[in-house]
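Worksheet: the structure to be examined is printed underneath.
The values are calculated or read from the model by the stated rules, or taken from the named source; none is laboratory data. Quick caveat: nothing in here was measured; it's all calculated off a predicted structure. Neighbour counts are summed over all protein chains in view; Cβ atoms, including those assigned to glycine, are modelled from backbone coordinates with ideal geometry. Note: accessible area is taken over every heavy atom of the protein model, side chains too, but ligands, DNA and RNA are not part of it. Shrake-Rupley method; radii C 1.70, N 1.55, O 1.52, S 1.80 Å.
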Amino acid sequence: MSEVTTVATGWGLSFVVVATYALWVVGRGKTIGRELGIGGREKLEPESDSSKPADS
Amino acid sequence: MSSVVDFHNVVAVAGGFPVLAGLDIEITKGEIVQLRGSNGAGKTSFLRVCAGLIPISDGDANVLGFDLRDDRRSPRRYIGLLGHDNHLYTDLWVREHMEFRAAATGAEAGDADAALRRLGVTDRLWSVPIERLSAGQRRRVSIASMLVGRPQLWLLDEPHAALDHEGRELLDEILLDAASSGATVVFASHERDLSTSIASRVVTLRGGRLSEDSGVA
Amino acid sequence: MTQVPDSRHMTATTATRVLGTVALVAVVLMGLLGLVVSPADVVQGQAVRMLYLHVPSIWIAYGAFVLTSFSSALFLFRSRHRHDGGRHHDRLAGSAAEVGVVFAGVTLVTGMLWGRVTWGTYWQWDARLTTTVLLFVTYLGYLALRRLPADPVIRGRRAAVMALISFVNVPIVHFSVDWWRTLHQKASLSVGRRPEITGEMYWTLLYSTLAVTIVASWLIVHRYRVIRLEELRDEEALEALIASRLREDEAQA
Amino acid sequence: MLREALLVARKDLRVEWRSKVTIGHVAPLALLVLVVFAFAFDANAGLLEFGAGGLYWVAVLFGGTLLIQRAFDVETEDGNFDAFRMSAIGAPSLFLGKSLGVFIQVVFLELILGPGVVLLYNVRIDDWVLLLASALGGTLAFSVCGVLCGVMAAGLRVRATLLPLLLVPVLAPVLLAGSRAFETAFGLRAEAGWTWASLMFVIAAVHTAVGVRAFGFLLEEG
């Protein structure tokens, strides 16, 4: 493999790995957000944290 | 009368499921309480919450004067728990197992022997691997391990299951003795008929809450 | 991270959308600088361009693992003093570890390809590569532990202890591997002919590090929010279960 | 704390004495690993002698992992962890006791593996003191790390696969140090054998400190 192809492969692979991960994260967020619906949106107010059960 | 178990609106979650959903109950010293209810009503969970093994996520819970929200560990040394499992090392011999349990609770080896005798586990069985015992005999050894710790609060989950008629009568006798000497007994049992039960009070759970309570006798 | 995301993009806020745009622009610029503008090295030739990805990723991976360890320690020892029971620290630990694993993976891929052109083999038992692969696997184990279905508090504690074990192990792994490779086969270290980094190459590397850091921050923020959404979903399901238990109770009573 | 730890260790060894899993299953299996390595290296005497130190520690890792698995299966199969939570025995004592129990069983395993390596791989021992010291250090490190990871996987459905995944990366430095120290003890390499041996003691000490502090977090589950 020449230097140029190696560099291209390295950059390409890295880009694909990071982009796939980013898309997966965003996609998963959207899926769960949709499951939660509007109710989920309301629950995202900062105060919602305090309503969580105080597990020890 | 001092209360041994005092629950107000207790919610407890285990495995993502609300096993107790707002339970109110007070149990006082010297009572023998029988828990009833269908499968999944919360009997086992109630016993485990009392023992401090399941954390409470809402409400107030006091056991033997300890607030379970602050400290789930301290009451344990005064509690004996007989769960669904027998908590036995099946590879060990009966006596070896009992010696370990006695030492782990700070009791003497002599106490272990006495407890075994009390449960009708004769010397003949002491050097037999627990593996080779029948289900009923294992249950007896398990009850004996609990007896060794001289608990102030007895929590028993289906203690009569697997025991024969004689074993059940023996257990009832032991529980009555414990209660009369100042301990408090809570046991879950759905098969025991109310007429033959030794319980001074019968509590029925449903859906993780109190459904019926015969009240303090 | 307490801004309210809108309903269309569940994990995005104005701030993170700006951050995301900045990250995208930064990456494009990084590509230009690293692949086109910066010169080829005298010794390494074009292969030196691997540097601009390889070095920032390992730096991010290490940084993310340090973040995981600190958050885990805070979760274990400080959670009692927090109203959310330390969940914030737990989420941060989890998202940072995942992003760290991704960038450790990038480091390995670029390192092996780089090794192919400079050393002639994909893998040299070089101290840095060996440490990185061990770190990579360690945190894969950590993530496996996090994935197990369990009560959030229990799972969080287990994972946090594992993170601490891994953290104290990082210097041990690093020094032992380093000793191993320096105590014998001294030659192997010079095979890696580290280029003299000066001028444009230096600035490109510095800029790349910044760009990759921005990308990683964006990823960690979003992953954090997805974890929070997962928790919200579980909590809603739990509340529904409690409500249904109560209803069932009233119906029967 | 020491008394409780000894109690736990004695109980574990008794369970082992009654069930004979180490002697009956794990030790023969570990010996088989030594034989299989000879297949892998085409019974090349030179290669086997040179790799003897490393192969020894790989066999210890393999057999030891099974022992750790077993040490926690004993606790989870009839709900004995609940009994521990209810008992007066504290988490640090349980950690130390379990580690001691595992340590003694692994020592036993090594007493079988050691002669196996010497006989099968035709190894000469130059430095007995270094050999014994590094075996001691490596085994200590193995036991504490093993118990620490073992309790995390205990009782889980996936424990058999999870434990090695957690344990092996943590133990990698021990395997490295053990192999190098043994090679020096076998006279195959004039290297800082004692540096490697002391590294293993350091690892053991560090993870003991972590375990004593953190075991409680792992036990309070459920």
* Structure fact -> In the range B:174-188, anything open to solvent by 30 Å² or more (accessible area, probe 1.4 Å) and either in contact with a His (Cβ under 7 Å, 6 or more places away or on another chain) or in a helix (DSSP H, G or I) (or both) is listed as B:Leu176, B:Asp177, B:Ser180
* To do: Check the range B:133-143 and report whether any residue there is in contact (Cβ under 8 Å) with a residue 60 or more places away in the chain, at the interface with chain D (Cβ under 7 Å from one of its Cβ atoms), closer than 30 Å to B:Val10 by Cα and buried (at least 16 other Cβ atoms within 10 Å of the Cβ).
  => no
* Residues in the range D:177-186: is at least one closer than 30 Å to C:Arg155 by Cβ, without any contact (Cβ under 8 Å) to a residue 60 or more places away in the chain and not polar (S, T, N, Q)? -> no
* Structure fact -> Residue hits (the range D:117-169; part of a loop (DSSP other than H, G, I, E, B) and under 30 Å from C:Pro149 (Cβ atoms)) are D:Ala154, D:Gly155, D:Leu156, D:Arg157, D:Val158
* Structure fact -> When every residue in the range C:107-137 that is of a type in the set (A, V, I, L, M) and within 13 Å of chain A (Cβ to nearest Cβ) is compared, the one nearest to C:Ile165 (Cα to Cα) is C:Leu108
* **Condition met for C:Met50 (at the interface with chain A (Cβ under 8 Å from one of its Cβ atoms), modelled with pLDDT of 85 or more and more than 29 Å from C:Arg87 (Cα to Cα))** => yes
* Which members of the range C:163-173 meet the condition of being under 16 Å from the mean Cα position of the chain (by Cα) and open to solvent by less than 10 Å² (accessible area, probe 1.4 Å)? -> C:Ala163, C:Ser166
* Please give the number of the condition B:Phe17 fails out of (1) touching an Asp or Glu at 6+ places or on another chain (Cβ under 9 Å); (2) farther than 22 Å from B:Pro159 by Cα. => (1)
* Structure fact -> For the range D:1-19 the number of residues that are closer than 15 Å to D:Gly90 by Cβ, open to solvent by 90 Å² or more (accessible area, probe 1.4 Å) and of a type in the set (D, E, K, R) is 1
* Hey, among D:Ala172, D:Ala209, D:Ala205, D:Ala214, which residue is part of a helix (DSSP H, G or I), facing another protein chain (nearest Cβ under 10 Å), open to solvent by 40 Å² or more (accessible area, probe 1.4 Å) and among the small types (Gly, Ala, Ser)? -> D:Ala209
* Filter pass, C:Val99 being touching a strand residue (DSSP E or B) at 6+ places or on another chain (Cβ under 7 Å), assigned to a helix (DSSP H, G or I) and surrounded by 22 or more Cβ atoms within 10 Å (Cβ to Cβ) -> no
* Run down C:Gly105, C:Gly94, C:Gly120 and say which single residue is at positive phi and out of contact with any Phe, Trp or Tyr (no Cβ under 6 Å at 6 or more places or on another chain). => C:Gly120
* So how many residues does the range D:19-50 have that are within 14 Å of chain B (Cβ to nearest Cβ), out of contact with any Phe, Trp or Tyr (no Cβ under 7 Å at 6 or more places or on another chain) and assigned to a helix (DSSP H, G or I)? -> 5
* Within the bounds of the range B:52-63, is there any residue that is open to solvent by 20 Å² or more (accessible area, probe 1.4 Å) and touching a His at 6+ places or on another chain (Cβ under 8 Å)? -> yes
* Asked: (1) away from chain A (no Cβ under 12 Å); (2) closer than 30 Å to D:Arg213 by Cα; (3) among the small types (Gly, Ala, Ser): which one isn't true of C:Ala104, the others all being true?
  -> (1)
* Does the range D:188-199 include one or more residues that are open to solvent by less than 30 Å² (accessible area, probe 1.4 Å), in contact with a Phe, Trp or Tyr (Cβ under 7 Å, 6 or more places away or on another chain) and either free of Cβ contacts under 8 Å to residues at least 12 places away in the same chain or of a type outside the set (Lys, Arg) (or both)? -> no
* Structure fact -> D:Asp73 vs (1) surrounded by 17 or more Cβ atoms within 10 Å (Cβ to Cβ); (2) of a type in the set (D, E, K, R); (3) in a helix (DSSP H, G or I): all pass except (1)
* Has the range C:46-53 got any residue that is in contact with an Asp or Glu (Cβ under 7 Å, 6 or more places away or on another chain) and free of Cβ contacts under 8 Å to residues at least 60 places away in the same chain? -> yes
* Would you pick out the residues in the range B:82-105 that are open to solvent by less than 10 Å² (accessible area, probe 1.4 Å) and more than 7 Å from every other protein chain (Cβ to nearest Cβ)? -> B:Leu82, B:Val94, B:His97, B:Met98, B:Ala102
* Is it the case that the range B:99-122 has a residue that's more than 13 Å from the chain's Cα centre (by Cα) and at positive phi? -> yes
* Asked: Only one of these conditions is not met by C:Ile154: (1) farther than 30 Å from D:Thr184 by Cα; (2) of a type in the set (A, V, I, L, M, F, W, C); (3) crowded, with 22+ Cβ neighbours inside 10 Å; (4) modelled with pLDDT under 90. Which number is it?
  -> (3)
* Unmet requirement for D:Leu111, which otherwise passes all of (1) under 22 Å from D:Arg70 (Cα atoms); (2) open to solvent by less than 50 Å² (accessible area, probe 1.4 Å) -> (2)
* Asked: What pairs come up if the first residue lies in the range D:1-28 and is without any contact (Cβ under 8 Å) to a residue 60 or more places away in the chain, the second is of a type in the set (Lys, Arg), and their beta carbons are under 6 Å apart, counting only those six or more places apart or on different chains?
  -> D:Val21/D:Arg70
* Structure fact -> Contact list, first residue from the range A:2-17 and facing another protein chain (nearest Cβ under 7 Å) and in a helix (DSSP H, G or I), second anywhere and of a type outside the set (A, V, I, L, M) and open to solvent by 60 Å² or more (accessible area, probe 1.4 Å), beta-carbon distance below 9 Å, six or more apart or interchain, is A:Glu3/C:Gln46; A:Val4/C:Gln46; A:Thr6/C:Gln46; A:Thr6/C:Arg116; A:Val7/C:Gln46
* To do: Determine whether the range B:119-128 contains at least one residue that is among the β-branched types (Val, Ile, Thr), out of contact with any Cys (no Cβ under 8 Å at 6 or more places or on another chain), in contact (Cβ under 8 Å) with a residue 60 or more places away in the chain and open to solvent by 20 Å² or more (accessible area, probe 1.4 Å).
  => no
* Find all pairs meeting these conditions: Cβ atoms under 7 angstrom apart; at least six residues apart or on different chains; first residue within the range D:129-151 and open to solvent by less than 10 Å² (accessible area, probe 1.4 Å); second residue of a type in the set (Asp, Glu). => D:Thr139/D:Glu110
